Amino acid sequence: MDDDPAPVAEWLPFLAVCLGAKPPLHLPAWLGRLVAGEAIVSVMTEISGSSNAKAKRELGWSPRYPSWRDGFPGWAGTRRVAHSFDGG
């Protein structure tokens, strides 16, 4: 959780780059539903991220990294990846 909520389609390819993994596969939603179920397809395609404002306000919490773009490279043990990553 950070200050930069984003949909899975945006952060997952970036994480793959940080890990040195192959880009994630793109499957038709109907096939995803058959393989993983409706809930997983919904999370992967419809949810755009969530706010951390309540945790900050009520718990006094703050993220270690302001953005997943900053945190993933460190978490993955890689050198910093440029913010200009375009997902392609």
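The values are calculated or read from the model by the stated rules, or taken from the named source; none is laboratory data. These figures come from a predicted structure and were not determined experimentally. When we count neighbours, we look across all protein chains shown, and the Cβ atoms used for this are built from the backbone with ideal geometry, even at glycine.
Which residues, counting only those in the range 29-82, are within 18 Å of ALA6 (Cα to Cα), charged (D, E, K, R) and touching a Gly at 6+ places or on another chain (Cβ under 9 Å)?
Within the range 29-82, just ARG64 meets the criteria.
Of all the residues that make up the range 29-75, how many are in a loop (DSSP other than H, G, I, E, B) and among the small types (Gly, Ala, Ser)?
Of the residues in that region, 8 qualify.
If you check every pair at least six apart or on different chains, which have Cβ atoms under 8 Å apart with a residue in the range 16-28 that is surrounded by 10 or more Cβ atoms within 10 Å (Cβ to Cβ) and at pLDDT 90 or above first and a residue that is part of a loop (DSSP other than H, G, I, E, B) and of a type in the set (D, E, K, R) second?
Correct list of pairs: ALA16/LYS22.
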